[in-house]
Every structure is written in C-alpha cells, then in structure tokens.
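This report concerns only the one structure given below.
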C-alpha cells in the first residue's frame, strides 16, 4: 500500500483516544502518523525487511497498549499508538502486491519479511499494488473519520495525505517507468548500490 495509506490508517488508530481521552489526541494522531510511515524508511535498505516486523511488531504493540490504558500519559499513549501503527503497516503489506518496481505484473512472491518465521510472506494481492484504485479507496476510508472528527490540523493533514494519494495513483505507472529509466543512467560503479528491483526493471 501507499505510504500515505499507511499514514492515514496509523492516524485512524488514534480515534479511540480522541473519544476516550481527548487530551492525548494530538500526540496520538502524531504518533499514528509517524508509526504508520516509519517502516518505509527502509525503502532503499532491505525494503519491507529491515524495519518491517509483522509478528514482533504486533507482539510489542499489545503490552504498550495495556500500559497506555493502565497508566495513560503522553509517552505511553504515543508509544502504544506508534507501535500499533507500525505493526499494522507491516502486517497489511502482505495484503498488497509483491516487492517489485511494477507489482501489477505479479512477478514477485515477496510481500513482507517475517523475522519470526525467517521467511518472506507472499503477497495476497487483495490490494493489487501500491497506488491501485483500491489503495486510494482504503486511504479514503481512513481519512473520512479523521476529517469529520479530527480538529483542524488533523483534518488538514488527512486531506493533504488523501490528495497526495490521489496524485500518486494517477502517476503510479509513469513513475515506475521514470524510476527504471533513471536507474539505467546510474554509473556502473554505483549500480550495485541501487535496489535490486530498479536494476531488474
């Protein structure tokens, strides 16, 4: 899924905080946004493996959530929502396409790496690829309650992320072609450092 979809769903995890303890809502929305995006910081260094933990992430989020309920504070709430958002990101990557530059070709059987199992989880392709129309639909589902129930800044962030998602969906396939072209221009001495999916495009 798109990074923006992950960000919006991470923020959506903070909605119960808004309902139960609104004083912690701003930090919860921020933590959800950061946690939702954080795993993709491995984009150019072992993507969907280095910072993606679909099993261990969920195991870490449970006690953090309990701690936030038992001892609510800015820190415990932020930790709980951030870890839950990162875990959701890693787990839902398996619902999408494979780890390839053009995932609509369905040629990769690597969706996300499970450190617990020591293997790659294959893509389910329920969301055919990041930037597919159904990916935008998921982003819209998460954004709607954030826009309706969130304060001005939360709603504004949700609108901005949804707008960026729509633009990315329109440009997704041309961007893949552009990335492949730019990768082909990289000097031979640097090519080994270019992610494999770009070199094989």
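Residue selection: residue 100 satisfies the criterion of being surrounded by 13 or more Cβ atoms within 10 Å (Cβ to Cβ) and more than 22 Å from residue 38 (Cβ to Cβ).
Condition check for residue 169 on (1) surrounded by fewer than 15 Cβ atoms within 10 Å (Cβ to Cβ); (2) at pLDDT 95 or above; (3) closer than 18 Å to residue 104 by Cβ: one failure, at (1). Kindly indicate whether residue 144 is surrounded by fewer than 24 Cβ atoms within 10 Å (Cβ to Cβ) and touching a residue at least 12 places away in the same chain (Cβ under 8 Å). In short, no. Against the definition (within 20 Å of residue 33 (Cα to Cα) and either out of contact with any strand residue (DSSP E or B) (no Cβ under 9 Å at 6 or more places or on another chain) or part of a loop (DSSP other than H, G, I, E, B) (or both)), how does residue 138 come out, yes or no? It is true that residue 138 is within 20 Å of residue 33 (Cα to Cα) and either out of contact with any strand residue (DSSP E or B) (no Cβ under 9 Å at 6 or more places or on another chain) or part of a loop (DSSP other than H, G, I, E, B) (or both). Screening region 51-82 for residues that are within 14 Å of the chain's Cα centre (by Cα) and free of Cβ contacts under 8 Å to residues at least 40 places away in the same chain and picking the one that is surrounded by the most Cβ atoms within 10 Å (Cβ to Cβ) gives 57. Here residue 118 fits the description: under 19 Å from residue 45 (Cα atoms), surrounded by fewer than 20 Cβ atoms within 10 Å (Cβ to Cβ) and without any contact (Cβ under 8 Å) to a residue 60 or more places away in the chain.
The values are calculated or read from the model by the stated rules, or taken from the named source; none is laboratory data. Quick caveat: nothing in here was measured; it's all calculated off a predicted structure. So basically every Cβ, Gly included, is an ideal-geometry build from the backbone, and we count neighbours across all protein chains shown.
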